[in-house]
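Colleague: Structure provided below as structure tokens; questions to follow.
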Amino acid sequence: MTLAIVVTVVVVALVFDYTNGFHDAANAIATSVSTRALTPRIALILAAVMNFIGALLGQEVAQTVQKVITPGADNHGLVIVLAGLIGAITWNLITWYYGLPSSSSHALIGGLVGAALAGGATVKWSTIVEKVLIPMIASPLFGFCAAFVVMLSIMWIFRKRNPHKVFRGFRVMQTVSAAALALGHGLQDAQKTMGVIFLAVLTGGYYGDWTEGDGLPLWIVLLSAGAISAGTYAGGWRIMRTLGRRIIHLDPARGFSAEAVGAGVLYTTAFVFEAPISTTHIITSSIMGAGATKRFSAVRWGVAKSILVAWVSTFPAAGLVAAGVYYVLKYVFQLP
């Protein structure tokens, strides 16, 4: 029974990773597509390849995710992890259907916490506050301000240049910034799935001699990288329209500013703070910051408000769904 549940958790985790890929594919390429720097198909291929490479570059975020809850080393603990994953997938699909760029990262952690609370497992609140909640608030604010400043600097540096020539140059540069952002997305988001899969195999007792300094098993890294890359290639057209067109009409310079800032934040939080931040939050806020340099009224704040509602509701909504799934699975597996 334990092996069957572990295999189920791994499969469901890879499904989550896949949905994360097509849900968040728009994050890295929406601005480049909307400014016509890249065609949609080329952009998706670029994002898929860079996501795969990014997933192989680190394990710091995976270690953090693995520490969010202590489910218990038995079948009951495995069911808690499985319920958390299903809660996250459900919320991903709901927000994808409505074209809302919500956070797969916070859906995952919200799902794990909701299932843990329902199942009476230990939730490590200090890790959640330090590594999740504080970065969740700080990273979008920083992204908005940094993209605003970067775009103002670009406007000042190129103020006497021909705008058409400047935009042509930034279309080329957007290929680089989009690739950098996709690399950061793989670095951040694939690691979250790695952390959950490893949490499951630890809970099942299959790596009882593992210590914190050891790296994750290679098969977990490669499966997670492949799943998010395949999901990215499947595309995320609904959310791409929201990020690329509905928030603000982007030009190549503003698209480059948003992508460059977003990539920088993703690398810093992964390598320095080991924090699983939301790629969605950072690129959306960076787009708003770069766009606000036109004038604040140029940003469609009504769309931004609906996105903000999705952000705020993600953590508790995924948690509630996961808690409900836990009770269903408890009955299915006839757990005490």
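Colleague: Only one residue in Glu130, Glu60 is of a type in the set (Asp, Glu), surrounded by fewer than 24 Cβ atoms within 10 Å (Cβ to Cβ) and under 17 Å from the mean Cα position of the chain (by Cα). Which one?
Modeller: Of the residues listed, the single one that is of a type in the set (Asp, Glu), surrounded by fewer than 24 Cβ atoms within 10 Å (Cβ to Cβ) and under 17 Å from the mean Cα position of the chain (by Cα) is Glu60.
Colleague: Let me confirm something: among Val150, Val113, Val172, Val166, which residue is of a type in the set (Val, Ile, Thr) and either outside any helix (DSSP H, G or I) or under 21 Å from the mean Cα position of the chain (by Cα) (or both)? If you could, list the steps in order and put the result at the bottom.
Modeller: Working: Val150 fails: either outside any helix (DSSP H, G or I) or under 21 Å from the mean Cα position of the chain (by Cα) (or both); Val172 fails: either outside any helix (DSSP H, G or I) or under 21 Å from the mean Cα position of the chain (by Cα) (or both); Val166 fails: either outside any helix (DSSP H, G or I) or under 21 Å from the mean Cα position of the chain (by Cα) (or both).
Result: Val113 is the single residue among Val150, Val113, Val172, Val166 that is of a type in the set (Val, Ile, Thr) and either outside any helix (DSSP H, G or I) or under 21 Å from the mean Cα position of the chain (by Cα) (or both).
Colleague: Okay, moving on. Considering only segment 99-110, I want to know if a residue exists there that is more than 23 Å from Ala225 (Cα to Cα) and not hydroxyl-bearing (Ser, Thr, Tyr).
Modeller: From segment 99-110, those more than 23 Å from Ala225 (Cα to Cα) are 99-100; that's our starting set.
Remaining after also requiring not hydroxyl-bearing (Ser, Thr, Tyr): 99-100.
The answer is yes; a qualifying residue exists.
Colleague: Can you run down the residue pairs with Cβ atoms below 7 Å, 6 or more apart or on separate chains, where the first is in segment 311-336 and assigned to a helix (DSSP H, G or I) and the partner is of a type in the set (Ser, Thr, Tyr)?
Modeller: Hits for this filter: Trp311/Ser102; Trp311/Ser103; Thr314/Ser102; Thr314/Ser103; Val321/Thr90.
Colleague: Residue under question is Met151, and the condition is that it be modelled with pLDDT of 90 or more and more than 30 Å from Ser34 (Cα to Cα); does it hold?
Modeller: no
Colleague: Right, something else. If you take the residues in segment 66-92 that are over 18 Å from Tyr18 (Cα atoms) and in a helix (DSSP H, G or I), which one is nearest to the chain's Cα centre (by Cα)?
Modeller: The extreme case among them is Gln66.
Colleague: If Ile86 satisfies all but one of (1) surrounded by fewer than 21 Cβ atoms within 10 Å (Cβ to Cβ); (2) over 15 Å from Ile282 (Cβ atoms); (3) of a type outside the set (S, T, N, Q), what's the number of the condition it fails?
Modeller: With respect to (1) surrounded by fewer than 21 Cβ atoms within 10 Å (Cβ to Cβ); (2) over 15 Å from Ile282 (Cβ atoms); (3) of a type outside the set (S, T, N, Q), Ile86 is out only on (1).
Colleague: Anything in segment 157-180 that is under 27 Å from His281 (Cα atoms) and loosely packed, with under 13 Cβ neighbours inside 10 Å? List them, or say none.
Modeller: Result: Val172, single match.
Colleague: Exactly one condition in (1) over 16 Å from the mean Cα position of the chain (by Cα); (2) part of a helix (DSSP H, G or I); (3) farther than 10 Å from Ala182 by Cβ; (4) among the aliphatic types (A, V, I, L, M) is false for Ala37; which is it?
Modeller: (2)
Colleague: Another one. Scan segment 23-57 for residues that are crowded, with 21+ Cβ neighbours inside 10 Å and β-branched (Val, Ile, Thr) and jot them down.
Modeller: If the condition is that a residue be crowded, with 21+ Cβ neighbours inside 10 Å and β-branched (Val, Ile, Thr), then Ile29, Thr31, Val33, Thr35 are the ones that fit.
The values are calculated or read from the model by the stated rules, or taken from the named source; none is laboratory data. Bear in mind that the values here come from a model prediction, so they are computed numbers and not experimental data. As a convention, Cβ positions derive from the backbone with ideal geometry for all residues, glycine included, and neighbour counts pool all protein chains shown.
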